[in-house]
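For reference, the structure discussed in these notes is given below.
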Number of protein chains: 2
Amino acid sequence: MKESVPSPPPGSAGIVETRHLDLPGTVRLDSGRELSGVRVAYETYGRLAAGRDNVILVCHALSGDAHAAGVARTPAAEPARDGFGAAGRPRGLGWWDGMIGPGKAFDTDRYFVVSTNFLGGCGGTTGPSSPDPATGRPYGPDFPVITVADMVGVQRAFLDALGVERLAAVAGGSLGGMQALEWAVRHPGRVDAVIAIASTHALHPQGVAWNAIAREAIMRDPDWQDGRYHGTGRAPDAGMGVARMVGHVTYLSAPALEEKFGRRLQSSDAIRHTLTEPEFEVESYLNHQAAAFVRRFDANTYLYTSRALTYFDLARQHGEGSLERALSGVSARTLLISFSSDWLYPPSASREIEEALRALGKPVEAHVIDAPYGHDCFLLEEARQTPLIRRFLG
Amino acid sequence: MKESVPSPPPGSAGIVETRHLDLPGTVRLDSGRELSGVRVAYETYGRLAAGRDNVILVCHALSGDAHAAGVARTPAAEPARDGFGAAGRPRGLGWWDGMIGPGKAFDTDRYFVVSTNFLGGCGGTTGPSSPDPATGRPYGPDFPVITVADMVGVQRAFLDALGVERLAAVAGGSLGGMQALEWAVRHPGRVDAVIAIASTHALHPQGVAWNAIAREAIMRDPDWQDGRYHGTGRAPDAGMGVARMVGHVTYLSAPALEEKFGRRLQSSDAIRHTLTEPEFEVESYLNHQAAAFVRRFDANTYLYTSRALTYFDLARQHGEGSLERALSGVSARTLLISFSSDWLYPPSASREIEEALRALGKPVEAHVIDAPYGHDCFLLEEARQTPLIRRFLG
């Protein structure tokens with residue numbers, strides 16, 4: 001029988017496969033703990049130039065993975081891209097395929113684009129669902145609490161192993177943008193340009209609250225079992241579903257929900273006086289999102305990653321409370337893109353970074369794209385980000 | 001031993017006690033079902049005039065109860081008023097005490113103010129935690145699904161039993177405002193004035209989503225036991241806690257959380273790399289709110305009430321999709337108050353009601369109070385609502 005390989009759409013980075021690399025030695029973490037035997041899942045698109053000077057590292061957000069572009073040779077059962085705009089996407093397409101490929105924002109005719117699953121992830125990189133070398137069983141809650149800086153540390157070690165010394169750019173949206181900013185602060189000598197999209201230097205307290213609620217929903221689920229659910233036949237699917245619903249609503253804007261669903265009922269023109277069944281279309285939609293997410297994502301990874309992104313605070317971690325001081329060593333050019341309707345990572349957060357960099361006399365360019373879909377715009381508004389990124393990189 | 005009765009603060013409606021009245025006959029519900037033996041918990045403040053023409057009905061919101069004003073003779077262990085502004089409130093004070101009393105917005109020197117716990121509540125009025133006459137056990141999920149119109153129907157039957165034919169005004173905030181609007185539409189001949197504060201004619205889809213998430217959090221808790229948790233020694237406290245956290249964040253604004261908590265850590269100046277412990281002050285605050293709410297509130301009441309308020313839709317229920325048509329029979333004067341930072345029941349919702357009433361040539365007055373505390377302003381900004389309400393009623 002012939003193997004059925006999906007054909008890549010025109011302009012695609014092609015048929016790709018996630019590969020894995022085992023880091024030599026140990027990785028020392030912010031918490032003081034060490035991890036050995038760290039494996040990194042990654043994909044690359046385009047060709048590494050002889051001078052190794054055309055590398056762009058793309059960093060993913062909370063629920064992403066290494067499969068950023070092209071069509072997976074072996075598509076996952078559930079795509080990492082869900083929510084608005086997910087319906088009708090070809091099966092196996094990377095989560096940022098609209099941005100990465102020949103002639104696209106991150107132009108693979110020119111750049112060698114590298115995408116890794118971050119430390120703590122559940123997409124092939126070492127994380128809480130990976131086997132603990134000490135026991136052979138999944139780490140679970142014995143996995144060390146990690147930070148965005150730890151994710152960046154593993155990316156750096158990975159690039160070292162690949163023989164890549166400098167990055168032409170590091171780019172990402174949301175938590176991916178945090179990693180990009182951390183790169184600029186932590187390794188100024190290795191980054192030429194930073195592209196932080198729909199991101200922040202420190203999540204505002206309401207965002208901290210939403211993340212705390214999502215984590216509580218998981219940890220209060222008895223099937224979480226203090227994080228030791230692997231191998232028990234039970235997982236905190238109920239709590240994960242609630243966590244995803246909370247996340248999903250914070251990623252969208254109220255007007256976007258109004259436009260897409262309004263107050264339309266699911267099954268009829270009149271209310272059915274039901275307590276337990278979804279009645280409004282938006283209720284069914286959230287249930288569907290929750291069910292799909294639970295099938296593809298590890299609950300502990302959600303917890304660790306959510307904690308890392310709420311901890312992220314450039315001023316606290318690098319500037320003794322001053323964002324300007326934290327950014328004082330940055331040498332990369334910076335591009336900041338935010339979206340008018342994003343209330344989770346609002347334009348004001350990007351503006352604070354912009355102002356601090358400007359006050360330091362550093363090259364920075366900032367754009368607010370007027371678009372209605374909230375935080376998810378960084379995935380949905382690929383076409384409008386493309387010229388900004390191409391011009392910035394060009 | 002002398003009985004220890006708290007002394008009422010100056011300007012208070014005095015020491016009060018929640019009383020109960022059993023409605024005669026049966027109550028027919030929107031769903032077609034009937035309830036018999038309905039008990040109503042209520043309080044009154046001020047004196048009923050001989051002409052019975054000075055009655056103001058005050059309607060409470062999702063988590064409220066009949067104890068709106070004065071000091072309870074027997075204070076509940078957990079006050080119905082929590083969140084911002086709750087600390088330092090005298091024990092046993094009603095949830096809207098700043099609004100109801102001698103010389104206050106609802107002036108008990110002049111008006112006879114009546115406050116009932118609504119149908120489906122857990123504050124003494126018949127609800128899902130009340131005994132089902134058919135079995136003697138709590139209704140639980142056998143309680144009929146109710147609507148805001150059903151709450152109003154019970155209030156009307158209650159006032160009939162009291163011998164009150166007309167209301168000088170009906171007033172409430174949030175879900176309480178929905179009841180007030182329903183009164184104006186359903187019983188135009190019995191209401192002289194409507195005061196709907198931080199309310200809406202139909203919750204927007206994002207609000208529907210938040211409510212669905214809160215209900216999911218409760219119903220996915222295995223201790224909910226399909227609603228039959230009474231008498232089992234287990235209750236869905238974990239899910240209720242998550243539901244309350246979601247609610248609480250939607251009742252506040254992002255700037256209010258920024259101002260009150262910022263990104264301050266709970267226990268130290270540096271992060272502790274903990275997954276399970278609250279780390280930020282806002283996380284501890286939410287945990288505390290959740291724990292207090294679980295102690296005082298019935299989970300099924302939360303479910304039924306949340307469903308009722310998402311169902312509420314004046315245009316759908318009374319106007320074949322047209323708000324103007326729904327309001328065409330209103331004869332009461334209407335006062336609408338909203339708050340600039342309220343994103344759950346935003347000023348735009350009040351504006352839509354205002355515009356529909358104006359288009360119909362009906363007397364309406366609308367104010368947007370510029371205040372930072374989000375939806376909870378209807379509880380917190382008593383001082384600024386007072387002159388508006390006094391002038392409107394005067």
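For every other residue with a beta carbon closer than 15 angstrom to the beta carbon of B:D269, add +1 if it is Lys or Arg and -1 if Asp or Glu, then tell me the sum. Each step should come with its number before you reach the end.
Numbers: positive: A:R316, B:R263, B:R264, B:R272; negative: A:D313, A:E320, B:E279, B:E281.
Around B:D269, the surrounding residues sum to 0.
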Point to revise | For B:D370, inter-copy label distances in nm, listed shortest first [label point 7 Å out on the Cα-Cβ vector] | key: 2.4
Review point. Of A:G46, A:G103, A:G374, which is the most mobile in a GNM of chain A whose springs link Cα atoms less than 10 angstrom apart?
Key: A:G103
Check your understanding: Roughly speaking, what is the centre-to-centre gap between the range B:285-301 and the range A:239-256 when only Cα atoms are used, to the nearest Å?
Key -> 22 Å
Review point. Separation of the range B:87-127 and the range A:118-151 by C-alpha centroid, Å?
Key: 53 Å
Review point. What is the distance in Å between the Cα centres of the range A:184-233 and the range A:44-62?
Key: 24 Å
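How would A:I353, B:I195 line up from fewest to most surrounding beta-carbon atoms within 10 angstrom? Spell out each step's value before the answer.
Working: A:I353 26, B:I195 30.
Final ranking by Cβ density, sparse to dense: A:I353, B:I195.
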Exercise for review: Give the shape of the range B:123-173 as rounded, prolate or oblate, defined through the alpha-carbon gyration tensor: a ≥ b ≥ c are the square roots of its eigenvalues, a/c under 1.5 means rounded, and otherwise the shape is prolate if a/b is larger than b/c and oblate if not.
Suggested key: prolate
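Among B:F106, A:F312, rank each residue by its count of other Cβ atoms within 10 Å, from fewest to most, as a rough exposure measure.
Values: B:F106 26, A:F312 23.
The most exposed by this proxy come first: A:F312, B:F106.
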**Study point:** Shape metrics for the range B:34-77, restricted to C-alpha atoms - Rg then Dmax, Å
**Key:** 13.5, 38
Review point. Taking only C-alpha pairs under 8 Å that are 6+ residues apart, what is the relative contact order of the range A:221-330 in percent?
Key: 21 percent
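Of all beta bridges DSSP finds with both residues in the range A:38-135, what is the antiparallel percent, to the nearest 5? Numbers along the way, then the final one.
Numbers: 5 of 11 bridges.
Expressed as a percentage, antiparallel bridges in the range A:38-135 total about 45.
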Practice item. Note the distances from B:R295 to each other copy's matching label point, with points 7 Å along the Cα-to-beta-carbon direction, in nm, sorted shortest first. Key: 4.4
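If you place +1 on the Cβ of every Lys and Arg and -1 on the Cβ of every Asp and Glu, how big does the dipole about the Cα centre of the range B:37-151 come out, in debye to the nearest 20? If you can, show how the numbers build up before the last one.
Working: 10 positive and 11 negative charges, 62 e Å.
Taking the Cα centre of the range B:37-151 as origin, the dipole is about 300 debye.
Looking at the square roots a ≥ b ≥ c of the eigenvalues of the Cα gyration tensor of the range B:211-368, which shape do they give, rounded for a/c under 1.5, prolate if a/b is larger than b/c, or oblate?
oblate
Return an integer: the convex hull volume of the alpha-carbon atoms of the range A:1-110, in Å³ per residue. Can you show the working numbers first?
Numbers: hull volume 19.0 nm³, N = 110.
So the per-residue hull volume is 172 Å³.
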Point to revise | Cα coordinate range in chain B, projected on the principal axes (Å, largest first) | key: 65, 57, 51
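Mind running the shape call on the range B:135-250? Use the C-alpha gyration tensor, a ≥ b ≥ c as the square roots of the eigenvalues: rounded below 1.5 for a/c, prolate if a/b tops b/c, oblate otherwise.
Working: a/c = 3.10, a/b = 1.56, b/c = 1.98.
Oblate shape, in that a/c is at least 1.5 and b/c is the bigger or equal ratio.
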Check your understanding: Within straight cross-link reach of B:K260, meaning Cα distance under 13 Å, which aspartates and glutamates are found once same-chain residues fewer than 8 apart are removed?
Key -> B:E281, B:E283
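For the range B:67-201, what is the relative contact order in percent, using Cα pairs closer than 8 Å and at least 6 residues apart in sequence?
14 percent.
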**Study point:** Tail weight of P(r) past 13 Å, computed on alpha-carbon pairs of the range B:203-260, percent
**Key:** 63 percent
Practice item. Express as a percent, rounded to the nearest 5, the fraction of DSSP beta bridges in the protein assembly as shown (both residues included) that run antiparallel. Key: 35 percent
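Find out how many positive minus negative residues lie around B:G329, taking Lys and Arg as positive, Asp and Glu as negative, among other residues whose Cβ is under 13 Å from that of B:G329.
Its environment carries a net charge of +2.
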**Study point:** Using a 7 Å Cα-to-Cβ projection, A:T26 label spacings across copies, nm, ascending
**Key:** 7.5
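Treating the beta-carbon of each Lys and Arg as +1 and of each Asp and Glu as -1, no other charges, what is the dipole magnitude of chain A about its Cα centre, to the nearest 20 debye? Don't skip to the answer; put the middle values down first.
Values: 39 positive and 45 negative charges, 146 e Å.
For chain A, the charge dipole is close to 700 debye.
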Exercise for review: With springs connecting C-alpha atoms under 10 Å apart, model chain A as a Gaussian network and identify which of A:S268, A:S130, A:S338 has the largest mean-square fluctuation.
Suggested key: A:S268
Review point. Under 11 Å from a point 7 Å along the Cα-to-Cβ line of A:S31: which residues of the range A:197-226 have their amide N that close?
Key: none
Point to revise | Length-normalised contact order for chain B - Cα pairs under 8 Å, 6+ apart - percent | key: 17 percent
Check your understanding: Across peptide B:277-287, what mean number of C-beta atoms from other chains lies inside 10 Å of a residue's C-beta?
Key -> 4
Exercise for review: Choose one answer from A:A61, A:A87, A:A349: the residue with the largest mean-square fluctuation in a GNM of chain A with alpha-carbon springs under 10 Å.
Suggested key: A:A87
Review point. Of B:V246, B:A214, B:T232, which is farthest on the positive side of the dipole of the range B:208-302, counting Cα position, with +1 on Lys and Arg Cβ, -1 on Asp and Glu Cβ, and the Cα centre as origin?
Key: B:T232
Practice item. Specify, per residue and in Å³, the volume enclosed by the convex hull of the alpha carbon atoms belonging to the range B:85-199. Key: 144 Å³
Review point. When ranked by the protection proxy of mean other Cβ atoms within 10 Å per residue, highest first, what sequence do the peptides B:357-364, B:304-311, A:376-383 form?
Key: B:304-311, A:376-383, B:357-364
**Study point:** Once the Cα gyration tensor of the protein assembly as shown is diagonalised, semi-axes √(5λ) in Å
**Key:** 52, 26, 25
Check your understanding: Ranked by Cβ crowding within 10 angstrom, fewest neighbours first, how are B:E34, A:E352 ordered?
Key -> B:E34, A:E352
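Sum up the charges of everything whose Cβ sits under 13 Å from the Cβ of B:G173, counting Lys and Arg as +1 and Asp and Glu as -1, but leave B:G173 out. It would help to have the intermediate numbers written out before the result.
Values: positive: B:R81; negative: B:D342, B:D376, B:E381, B:E382.
My count for the surroundings of B:G173 gives -3.
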Revision key, fill the gap. In units of 2.2 N^0.38 Å, the Cα radius of gyration of the range A:208-302 is 1.22
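Quick note: the coordinates plus some simple rules give every number you see, no bench work behind them. None of the values given here were measured: they were computed from a predicted structure. All Cβ positions, even for glycine, are placed from backbone atoms using ideal geometry, and neighbour counts span all protein chains on display.
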